[in-house]
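Visitor: I am attaching a structure below and will ask some questions about it afterwards.
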Amino acid sequence: MTKSHARLDIKNLMAWHPVTVDLNIIKNSWSIQDTCQFSWWDSLIVAAAIKANCSILLSEDQQHGQQIHDLTIINPFQQDAGQMLS
């Protein structure tokens, strides 16, 4: 991949408005990890989704239907996922 192509890819990814990991997200990740028994990386994903004001997080690795703050985890491969998303 050329340098200009890599830079273009990064610019395109920025359209998703990624959350910057800061000390507050790290602290929230620790709390989520302790209370939910998630892995560090799953906790970081959940904390970032909460920071971004997401109401739904699609994941096949976490408990389907689990609520953390105002965030609902949905496994998109579960039979009732479509109903939960509508």
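Visitor: Provide Lys27, Lys51 in ascending order of the number of other Cβ atoms located within 10 Å of each residue's Cβ, fewest first.
Guide: So the residues, fewest neighbours to most, are Lys27, Lys51.
Visitor: Starting from the stretch 29-86, pick out the chymotrypsin sites (Phe, Trp or Tyr not before Pro) whose DSSP state is loop and whose Cβ has at most 13 other Cβ atoms within 10 Å.
Guide: Listed in order of number, the matching sites are Phe77.
Visitor: What lysines sit close enough to Lys27 to cross-link, taking a C-alpha to C-alpha distance under 21 Å and skipping anything fewer than 8 places away on the same chain?
Guide: Within reach: Lys51.
Visitor: Now, a different point. Helix 23-36 sits at what angle to the longest principal axis of the chain, using alpha carbons and giving 0 to 90 degrees rounded to 10?
Guide: 30 degrees
Visitor: How large is the helix-only mean residue ellipticity at 222 nm for the chain, computed as the sum of -39500 (n - 2.57) over DSSP H runs with n ≥ 4, divided by its residue count, in deg cm²/dmol to the nearest 500?
Guide: Here the helix-only value at 222 nm equals -14500 deg cm²/dmol.
Visitor: Considering amide H positions built from the backbone, and no H for Pro or chain starts, which residues 5 or more places from Ile68, or on another chain, come under 5 Å of its amide H?
Guide: Close amide H contacts, sequence-distant or interchain: Ile73.
Visitor: Mind running the shape call on the chain? Use the C-alpha gyration tensor, a ≥ b ≥ c as the square roots of the eigenvalues: rounded below 1.5 for a/c, prolate if a/b tops b/c, oblate otherwise.
Guide: oblate
Coordinate-derived values only; no laboratory data. Being a predicted model, the structure only gives us computed values, none of them experimental. When we count neighbours, we look across all protein chains shown, and the Cβ atoms used for this are built from the backbone with ideal geometry, even at glycine.
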